[in-house]
Amino acid sequence: MDKKEARIRILGKIFMYTVEFFHRKGFVQLMPVMLGKSVDPLGPDPGSSVVKIPEIEYNGQVLRLVTSMILHKQYALRTFDRLFIMSPNIRLERKERMKSGRHLFEFTQADFEIANAKMEDVFSIVEEYYSGLTGFLEKEAGEEFKVIGTEIFRFSPPFKRYTTKELKERYGEEWERKASLEHEQPFWALSHKREFYDKEDEKQPGEYLNYDIIYPLGYGEGLSGAEREHEYERIVMRIKRDGLDFKSYEAYLKYAREGFTPSAGAGIGMERLARFLTKASHIKDVQLFKRVPGIKVEI
Ligand code: ASN
């Protein structure tokens, strides 16, 4: 086994841990969809550089390649209270993103959602997820880590929490990279101005009930999530404010009008987690079929 093979095997083991973890915590696993009528707009978000969301026409409908299943998760809460999906996402990022070391135009996230949950509920489940991962990998992937020559990272939650405002004050606009380099444990970055489905704090407009996990040592963002806007009027107001085309959200808004359950959730990038744990300089090193922005695919 060489290093490349070891990294790919470790990603598979992380996937296995993730599926088991969510089942054990009482989540229902749903299968992913790859096409949707309404999909995540991925913006406005300063972190997103998606050039377009591809559409196809099939059976008299316009279907879009799934950028994330966030809108499907809200729909799924009509049936299930705790759910997760190992969800492949397509995000056609600008080619400059090839240099970031952490962008892929196809990747998989473990995307979960919990009815009637608040941020704190997500923090505790996510921290439990990370703390159990080390022991699992010691048992399941000791050989692979030996080949790479890397100790298995010990997560020690609770992770520190900062608002993006605090991070900007301390590190400037490039806070993510700088703060990541200065930390030895992951930390939570709270309150990002981004997509319409992340809940705005009604008591403090301009603040958002959302969060990212930032991996330390320069590896950067690895999870993002939020409490959700679930009320029709607020969703419409946010879509308007973002200048999005209502036609793309007709299907979603139909169900929003019937009322969504309040919820919170997040998505954990599987390849980013494997990259961080295996100390790969570029995320492509955990993929056999490389999907790097700006680079032609082999097969
Ligand atoms: N999965 C993310 C969330 O739950 C959304 C995303 O991937 N853009 O908030």
For the range 109-120, Karplus couplings with θ = phi - 60° (6.51, -1.76, 1.60), whole Hz, Gly/Pro x = 10, 8, 10, 10, 8, 10, 5, 6, 9, 10, 3, 4
Ignoring ligands, DNA and RNA, how do 290, 168, 247, 99 rank by accessible area with a 1.4 Å probe, largest first?
-> 99, 247, 168, 290
What nm value, rounded to one decimal, do you get for the distance between residue 81 and residue 298 when each label is placed 7 Å out toward the C-beta?
-> 4.8 nm
Could you tell me which chymotrypsin sites (Phe, Trp or Tyr not before Pro) in the range 49-90 are loop residues by DSSP with no more than 10 other beta carbons within 10 angstrom of their beta carbon?
-> none
Can you pull out the trypsin sites (Lys or Arg not before Pro) in the range 189-241 that DSSP calls coil and that have at most 12 other Cβ atoms within 10 Å?
-> 203
Pairwise FRET efficiency - residue 221 versus residue 37, Cβ, R0 = 25 Å, nearest 0.05 = 0.35
Give the distance, in whole Å, between the Cα centre of the range 33-80 and the Cα centre of the range 202-240.
-> 17 Å
Just list whichever of 52/199; 193/284; 25/73; 13/73; 99/279; 37/199 have alpha carbons separated by over 19 Å in the model shown.
-> 52/199; 193/284; 13/73; 37/199
For the chain, the dipole about the Cα centre with charges only on Cβ (Lys and Arg +1, Asp and Glu -1), to the nearest 20 debye, works out at 620 debye
Calc'd 3J(HN,Hα), the range 65-82, phi into Karplus 6.51 cos²θ - 1.76 cosθ + 1.60 (θ = phi - 60°), Hz, glycine/Pro = x, comes to 5, 6, 8, 6, 9, 3, 6, 5, 5, 5, 5, 5, 5, 5, 10, 10, 8, 9
Cα convex hull volume per residue for the range 1-133 (Å³) | 156 Å³
Computed over the chain, protein heavy atoms only, probe 1.4 angstrom, the accessible area per residue in square angstrom equals 48 Å²
Protein chains only, probe 1.4 Å: how do 81, 201, 45 rank by accessible area, largest first?
-> 81, 45, 201
With the dipole of the chain defined by +1 on each Lys or Arg Cβ and -1 on each Asp or Glu Cβ, the option from 197, 15, 267 whose Cα lies farthest towards the positive pole is 15
In deg cm²/dmol and to the nearest 500, what is the mean residue ellipticity at 222 nm of the chain if only DSSP H runs of at least 4 residues count, each as -39500 (n - 2.57), divided by the residue total?
-> -11000 deg cm²/dmol
Suppose every K and R has +1 on its Cβ and every D and E has -1 on its Cβ; what is the size of the dipole of the range 13-133 about the Cα centre, in Debye to the nearest 20?
-> 280 debye
In the chain, with Lys and Arg counted as +1 and Asp and Glu as -1 at Cβ, which of these residues, 129, 63, 216, has the Cα nearest the positive end of the dipole, that is, farthest along it?
-> 63
Putting +1 on Lys and Arg Cβ atoms and -1 on Asp and Glu Cβ atoms, find which of 163, 244, 278 reaches farthest to the positive end of the dipole of the chain.
-> 278
Which residue, 56, 125, 239, tops the fluctuation ranking in a GNM of the chain built on C-alpha contacts under 10 Å?
-> 56
Among 225, 243, 135: highest mean-square fluctuation, GNM of the chain, C-alpha pairs under 10 Å | 243
How fast does the chain diffuse by Stokes-Einstein, in µm²/s, taking the Kirkwood radius from C-alpha pairs at 37 °C and 0.692 mPa s?
-> 166 µm²/s
Between 224, 191, 156, find the one with the highest GNM mean-square fluctuation for the chain; connect C-alpha pairs within less than 10 Å.
-> 156
Where the centre of each part is set by its Cα atoms, how far does the range 264-288 sit from the range 106-120, in angstrom?
-> 17 Å
So which GluC sites (Glu not before Pro) in the range 161-249 are both in a DSSP loop and have at most 15 other Cβ atoms within 10 Å of their Cβ?
-> 173, 174, 184, 202, 231
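The values are calculated or read from the model by the stated rules, or taken from the named source; none is laboratory data. Small disclaimer: the values here were computed from a predicted structure and weren't measured. Virtual Cβ from ideal backbone geometry, glycine too; neighbours counted across all protein chains shown. Side chains are part of the model used for accessible areas, which takes the heavy atoms of the whole protein and leaves out ligands, DNA and RNA. Shrake-Rupley method; radii C 1.70, N 1.55, O 1.52, S 1.80 Å.
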